[in-house]
Structures are given as structure tokens and as C-alpha cells.
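Just so it is clear, none of the values below were taken in a lab; they were calculated from the coordinates. On a predicted model such as this, the values are computed, not experimentally measured, just so you know. Methodologically, a virtual Cβ is constructed for each residue, glycine included, from the backbone with ideal geometry; neighbour enumeration extends over all protein chains shown.
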Amino acid sequence: MEPINQNSQGLVQNKRTYTLRIVFIIIGAVVGTTAPFLHMLIPSSSDELVQLQEKFYSQKELRNEYRQEMLAQLPNIKEGHVISTKDVALFEKYVNQEKITGETYAQISAIESGSEIMGFPDLQWFLYAIGIPLSLFFASLLLAHFSSYIRDEKVSGLRKLKLSMRIASIAFLFTSVYFILWTVWPAPDFSPVAYYLSIIAVSAIITYAAMH
């Protein structure tokens, strides 16, 4: 009875393994296909921020109108004309409007800085930036996983197919990881040296994979 028990255990283990593989494939496919679209589920700006931005643009436009009126009076002032009460009132309007516009801009900056994520203005921009690299990351894992099913490497065509799938998965994986790190990196961008080193590294890895 012992061989039967061993066979049963082996069948159960294989069933669990295939179940885990199926779950991995489904999760990878779902995450990989939905990641580039997650940012569409997040509103770009809050209602408060939109209202403040509209208010700021109207205040800025009014401030610019006062400025243009003041600039139009400059030739008369330079010619020695007496500054009228109207000119003084216009200047006071401009100063007051400049103050109001600055206060509104400060409120906008405070809201934007509070919603900033990983250097991006808000969650929507962050998901937009990381969506495609995440999709490429899971696609590379799935490609590497599928290549592991090709076992009869004595057949020339299958051996080349497995090699090409392995090289493609490595290239996609490296690129996706690079841009995922770029997205979460606190600095605005990597240095040019990092780009050149990345190109050299991925070329070396692909060359090594092609030779083994």
C-alpha cells in the first residue's frame, strides 16, 4: 500500500503546484492588463483645488488688467504730469489684487504639496507613471514562466524558442524594474551615467543568457 500512498501524495503535490501556477498566471494577467488604467479611477484634482484654480486664474487676469492700465499711464508720469487720484487708486487696486492672487496661489500650493506622492503632483500621476512598467514587469514574469514549460531542448526549434523567450523576459524585466525604481526614486531623474550603466548591464545579461 505504500507505493499507492506515495503516488497519491505525488498527485496531490502536482495538483497544488499546477493550481498555484494557474493562480499566478491569472493574477499576473489581471494586474498586468489593469495597471496602465488604474490612474483613470482616480480623479485628477479635488473639487476644492479645481475651484481655487479657477479663482486664481480669474484673479490673475484681473491683476494683469490693472497692470496694463498702470503701464499705459507711465508715459504721462515720465513727462512730468501730476499723478492724479485716479492713478493712485489704480495702483492701490493693483497692489491689493496682487496680494489676493498671491494668497490664492499659496492655498493651491499647500493643497498640491499635501497630495504629492513620490515627487508626483497626486496619486493619479503616480499611478500613470508606474502603470506601464508594472504591466511590463508581470508580462516578463509570465514570459519567463511559460518558457519553463519547454523541456525538450534537444529539438533545435524548441531550444531556440526557449532561448528567445528567456532573452525577451530578461530584457523586459530589466526595463520594467528600472522604470519602477525611477518612479519611486525621490530625485527628479537618474543621472546620465545610470542610463549608460543600465544599457551595458542589460546587454551583458542578455549576452550571458544567449551563451548558456
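What are the ³J(HN,Hα) couplings of the stretch 16-22, residue after residue, when phi is run through the Karplus curve with 6.51, -1.76, 1.60 and θ = phi - 60°? Round to Hz, x for glycine and proline.
5, 4, 5, 5, 5, 5, 5
Quick one: which residues, 5+ away or cross-chain, put their amide H under 5 Å from the amide H of Ile150? H built at 1.01 Å from N.
none
In whole Å and largest first, what semi-axes does the C-alpha gyration tensor of the stretch 100-212 yield when each eigenvalue is scaled by 5 and square-rooted?
Working: eigenvalues 368, 50, 9 Å².
The three semi-axes for the stretch 100-212 are 43, 16, 7 Å.
Residue-wise, which Karplus ³J(HN,Hα) couplings in Hz belong to the stretch 186-197, taking 6.51 cos²θ - 1.76 cosθ + 1.60, θ = phi - 60°, and x for glycine or proline?
Running phi through 6.51 cos²θ - 1.76 cosθ + 1.60 with θ = phi - 60° gives x, 6, x, 6, 6, 6, x, 4, 5, 5, 5, 5 Hz.
Roughly how far apart, in whole Å, are the Cα centres of the stretch 23-43 and the stretch 120-140?
That distance is 10 Å.
Sort His39, His145 so that the residue with the fewest other Cβ atoms within 10 Å of its own Cβ comes first and the one with the most comes last. Walk me through the numbers before you get to the answer.
Working: His39 18, His145 15.
If I rank by nearby Cβ atoms, fewest first, I get His145, His39.
Order the peptides 172-180, 186-194 from the highest to the lowest mean number of other Cβ atoms within 10 Å of their residues. Please report the intermediate quantities before stating the final value.
Values: 172-180: 17.6, 186-194: 9.3.
Per-residue Cβ counts within 10 Å, averaged per peptide and sorted highest first, yield 172-180, 186-194.
Can you tell me the order of 89-96, 17-24, 131-138 when each peptide is scored by its average per-residue count of other Cβ atoms within 10 angstrom, highest first?
Numbers: 89-96: 14.0, 17-24: 10.9, 131-138: 19.4.
With the highest mean Cβ count within 10 Å placed first, the list reads 131-138, 89-96, 17-24.
Relative to the present Cα-Cα distance, how much length would full extension add between Thr34 and Ile180 at 0.36 nm per residue of separation? Before the final figure, lay out the partial values.
Working: separation 146, 0.36 × 146 = 52.56 nm, distance 1.60 nm.
Net length gain for the segment: 51.0 nm.
Suppose R0 equals 45 Å; then what is the FRET efficiency for Ser198 and Glu103 from their Cβ-Cβ distance, rounded to the nearest 0.05?
0.50
How large is ³J(HN,Hα), in whole Hz, for each residue of the stretch 159-167 in order, when computed from phi with the Karplus curve 6.51 cos²θ - 1.76 cosθ + 1.60 and θ = phi - 60°, using x for Gly and Pro?
5, 5, 5, 5, 5, 5, 5, 5, 5
Which of the GluC sites (Glu not before Pro) found in the stretch 93-166 are in a DSSP loop and have at most 16 neighbouring Cβ atoms, other than their own, within 10 Å? Can you show the working numbers first?
On the way: sites: Glu98, Glu103, Glu112, Glu116, Glu153; in loops: Glu116, Glu153.
For GluC sites (Glu not before Pro) across the stretch 93-166 that sit outside H, G, I, E and B with at most 16 neighbouring Cβ atoms in 10 Å, the list reads Glu116, Glu153.
Hey, with R₀ at 25 Å, roughly what FRET efficiency would Arg21 and Ile150 work out to, going by the Cβ-Cβ distance, to 0.05? Walk me through the numbers on the way to the answer.
Details: r = 15 Å, r/R0 = 0.59.
Calculated transfer efficiency: 0.95.
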